[in-house]
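Visitor: The structure under discussion is supplied below as structure tokens; questions concerning it will follow.
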Amino acid sequence: MPSFEEARALILASVAPLEIERVALGEADGRVLAESLDAPFDLPSADNSAMDGYAVRSADCRTSTSLDVTGFLPAGNVQTLHVGARQAIRIMTGAPLPDGADAVIPLEDILAHAGNETASGGTIGIAGPVAPGAHVRRRGEDVRARTCAIPAGALIRPPEIALIAAFGLTAVETYRRPRVAILSTGDELAAPGGPLGHGSVYDSNSFALAAAVREAGAIPHSLGIARDDRVALRDKIAEGLRIADCLVTTAGVSGGDRDLVREALSSLGVRQLFWKIDIKPGGPTAFGIGLGKPVFSLPGNPVSGLVTFEEFVRPALRKMAGHPAPIKPPVKAFLAETVHKKEEMVRFLRVSIDSIDGALFARPSGDQKTAILGTLVRADGIAILPAGRSAFEAGEAVDVHLLYPGCRS
């Protein structure tokens with residue numbers, strides 16, 4: 001039986017980034033850039049005004065003075081204007097700096113104005129001094145031409161989208177997002193929205209895991225519910241292996257008389273790499289490879305299923321999607337109370353997080369029984385309590401994987 005660290009290392013060694021595809025910019029957010037993006041030109045492409053105001057020569061503005069207004073440059077104007085001695089040109093934010101000018105005076109800093117503000121003619125009064133380069137965006141100050149604008153492996157977020165679009169590009173090379181087939185198993189399961197018979201429970205795993213798959217940046221595909229029937233179960237698993245890049249099943253691997261998932265996987269040529277891990281919750285977690293694709297068999301308990309997804313499936317999906325660092329980095333938090341566990345195994349403790357004077361404090365978010373889903377609902381993270389110890393004292397710093405950051409008010 002592998003340790004937590006050994007199991008996760010084996011999983012990550014068994015998967016690789018998927019193929020590269022070119023996608024439209026409007027569909028690229030959330031994906032991973034496959035090739036470095038070099039700037040095709042300087043950004044900005046020319047010196048331009050950072051403010052609505054007047055383009056001037058700083059040498060004319062060392063002291064309080066007045067300047068003649070000789071032109072108007074709105075953003076997008078292509079005409080070439082020149083600022084001569086003791087002259088100024090009305091300019092809008094983003095407009096290229098006219099020849100001869102080396103500074104911009106914002107409108108609010110103008111002492112007096114006479115004449116039409118949107119045409120040639122008139123004068124302005126200024127207090128001075130004006131420094132060279134004041135309120136000017138210099139050519140290439142954001143990104144220089146032929147330098148790396150976004151490195152390969154970067155997650156494409158709204159800022160990356162903005163930068164790519166600023167270069168006029170409409171598509172980029174990204175890794176393909178993994179398609180994940182999800183299968184719930186068990187005669188006791190009923191589909192939400194339908195009747196609930198005596199002894200039955202609604203299937204929550206397929207919906208919860210689909211949401212977790214989407215949060216991880218992959219594409220879920222629900223296979224529905226497979227009953228405890230060898231032929232039906234085998235057919236569902238075969239479908240998942242055929243249509244998806246990764247298969248996730250829940251329940252049916254604990255070793256009971258009706259736990260048929262392992263048998264079905266084996267009959268389809270899935271090579272089992274491990275079955276059970278020294279962790280709690282989630283010990284009856286299995287992993288294998290079938291048709292070159294990762295196959296995860298998670299516990300049927302919804303808490304155990306989501307926790308093991310977070311710690312094992314999510315890193316695998318992120319690596320398949322091209323993330324260079326697929327494991328979510330932990331944060332350090334101080335335990336708010338003493339916690340006991342079995343010494344020989346890793347414990348995943350569902351915790352709520354408080355920030356006090358810049359430090360994070362982790363407190364168990366409720367009853368840690370795996371049947372208590374509300375404890376996971378209230379959790380902000382999972383504290384990783386390593387094997388080899390049975391007690392962790394209040395005030396001790398532990399690693400915490402934050403869950404769905406930004407989702408709480």
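The values are calculated or read from the model by the stated rules, or taken from the named source; none is laboratory data. Since we're looking at a predicted model, the values are computed, not measured. Counting neighbours? That spans all protein chains shown, and the Cβs are built from the backbone with ideal geometry, glycine included.
Visitor: What is the one condition in (1) without any contact (Cβ under 8 Å) to a residue 12 or more places away in the chain; (2) touching a Pro at 6+ places or on another chain (Cβ under 6 Å) that E5 does not satisfy?
Guide: Evaluating E5 over (1) without any contact (Cβ under 8 Å) to a residue 12 or more places away in the chain; (2) touching a Pro at 6+ places or on another chain (Cβ under 6 Å) leaves (2) as the failure.
Visitor: Return the pair list, or none, for Cβ contacts closer than 7 Å from residues in segment 275-286 that are in contact (Cβ under 8 Å) with a residue 60 or more places away in the chain and under 15 Å from T249 (Cα atoms) to residues that are surrounded by fewer than 22 Cβ atoms within 10 Å (Cβ to Cβ) and of a type in the set (S, T, Y), at least 6 apart or on different chains.
Guide: Nothing qualifies.
Visitor: Is there a residue in segment 356-372 that is of a type outside the set (A, V, I, L, M), closer than 16 Å to D399 by Cβ and in contact with a helix residue (DSSP H, G or I) (Cβ under 6 Å, 6 or more places away or on another chain)?
Guide: Looking through segment 356-372, none of the residues is of a type outside the set (A, V, I, L, M), closer than 16 Å to D399 by Cβ and in contact with a helix residue (DSSP H, G or I) (Cβ under 6 Å, 6 or more places away or on another chain).
Visitor: So, one more: Mind listing whichever residues of segment 11-29 are under 30 Å from I277 (Cβ atoms) and surrounded by 14 or more Cβ atoms within 10 Å (Cβ to Cβ)?
Guide: Residues of segment 11-29 under 30 Å from I277 (Cβ atoms): 11-18.
Within segment 11-29, I11, L12, S14, V15, P17, L18 meet the criteria.
Visitor: Residues being touching a helix residue (DSSP H, G or I) at 6+ places or on another chain (Cβ under 7 Å) and either within 12 Å of I11 (Cβ to Cβ) or without any contact (Cβ under 8 Å) to a residue 24 or more places away in the chain (or both): count how many of those fall in segment 287-308.
Guide: Residues that pass the stated criteria total 5.
Visitor: Now for a separate question. When you go through R31, R8 one by one, which is the residue that is basic (K, R) and closer than 28 Å to G168 by Cβ?
Guide: One residue alone meets the criteria, R31.
Visitor: Against the conditions (1) farther than 30 Å from V56 by Cα; (2) hydrophobic (A, V, I, L, M, F, W, C); (3) touching a strand residue (DSSP E or B) at 6+ places or on another chain (Cβ under 6 Å); (4) free of Cβ contacts under 8 Å to residues at least 24 places away in the same chain, where does A114 fall short? Just the number, please.
Guide: (1)
Visitor: Does A208 count as closer than 22 Å to G322 by Cβ, surrounded by 14 or more Cβ atoms within 10 Å (Cβ to Cβ), in the same structural domain as G252 (by TED's automatic domain parsing) and in contact (Cβ under 8 Å) with a residue 24 or more places away in the chain?
Guide: Spelling it out, it is not the case that A208 is closer than 22 Å to G322 by Cβ, surrounded by 14 or more Cβ atoms within 10 Å (Cβ to Cβ), in the same structural domain as G252 (by TED's automatic domain parsing) and in contact (Cβ under 8 Å) with a residue 24 or more places away in the chain.
Visitor: Still on this structure: Mind checking whether some residue in segment 171-186 is modelled with pLDDT under 95 and either in the same structural domain as L268 (by TED's automatic domain parsing) or closer than 29 Å to V377 by Cβ (or both)?
Guide: yes
Visitor: Suppose we filter segment 165-195 for residues that are without any contact (Cβ under 8 Å) to a residue 60 or more places away in the chain and either within 15 Å of S206 (Cα to Cα) or of a type in the set (S, T, N, Q) (or both); how many remain?
Guide: Residues in segment 165-195 being without any contact (Cβ under 8 Å) to a residue 60 or more places away in the chain and either within 15 Å of S206 (Cα to Cα) or of a type in the set (S, T, N, Q) (or both): 6 in total.
Visitor: Okay, next question. Out of (1) surrounded by 24 or more Cβ atoms within 10 Å (Cβ to Cβ); (2) not in a strand (DSSP E or B), what's the single condition that is false for P326?
Guide: P326 satisfies all of (1) surrounded by 24 or more Cβ atoms within 10 Å (Cβ to Cβ); (2) not in a strand (DSSP E or B) except (1).
Visitor: Let me ask something additional. Taking only segment 180-228 into account, find how many residues are within 25 Å of L18 (Cβ to Cβ), in contact with a Ser or Thr (Cβ under 8 Å, 6 or more places away or on another chain) and of a type in the set (V, I, T).
Guide: 1
Visitor: Keeping to segment 198-227, report how many residues are in contact with a strand residue (DSSP E or B) (Cβ under 7 Å, 6 or more places away or on another chain) and more than 14 Å from P302 (Cβ to Cβ).
Guide: Going through segment 198-227, the residues in contact with a strand residue (DSSP E or B) (Cβ under 7 Å, 6 or more places away or on another chain) turn out to be 200-203, 205-206, 209-210, 213-214, 218-223, 225-226.
Narrowing the set further to residues that are more than 14 Å from P302 (Cβ to Cβ) leaves 200, 213-214, 218-223, 225-226.
The total comes to 11.
Visitor: In addition: Could you please find all residues in segment 225-248 being surrounded by fewer than 19 Cβ atoms within 10 Å (Cβ to Cβ) and closer than 19 Å to P178 by Cα?
Guide: Scanning segment 225-248 gives A238, E239, R242, I243.
Visitor: Picking from R179, R234, which residue would you name as being more than 27 Å from D29 (Cα to Cα) and among the charged types (D, E, K, R)?
Guide: R234
Visitor: All but one of (1) in a strand (DSSP E or B); (2) among the basic types (K, R); (3) closer than 30 Å to A16 by Cβ hold for K319, so report the exception by its number.
Guide: Among (1) in a strand (DSSP E or B); (2) among the basic types (K, R); (3) closer than 30 Å to A16 by Cβ, the lone unmet condition for K319 is (1).
Visitor: What's the number of the condition F348 fails, among (1) closer than 22 Å to V213 by Cβ; (2) out of contact with any strand residue (DSSP E or B) (no Cβ under 9 Å at 6 or more places or on another chain); (3) not assigned by TED's automatic domain parsing to the domain that holds L209?
Guide: The number of the failed condition is (2).
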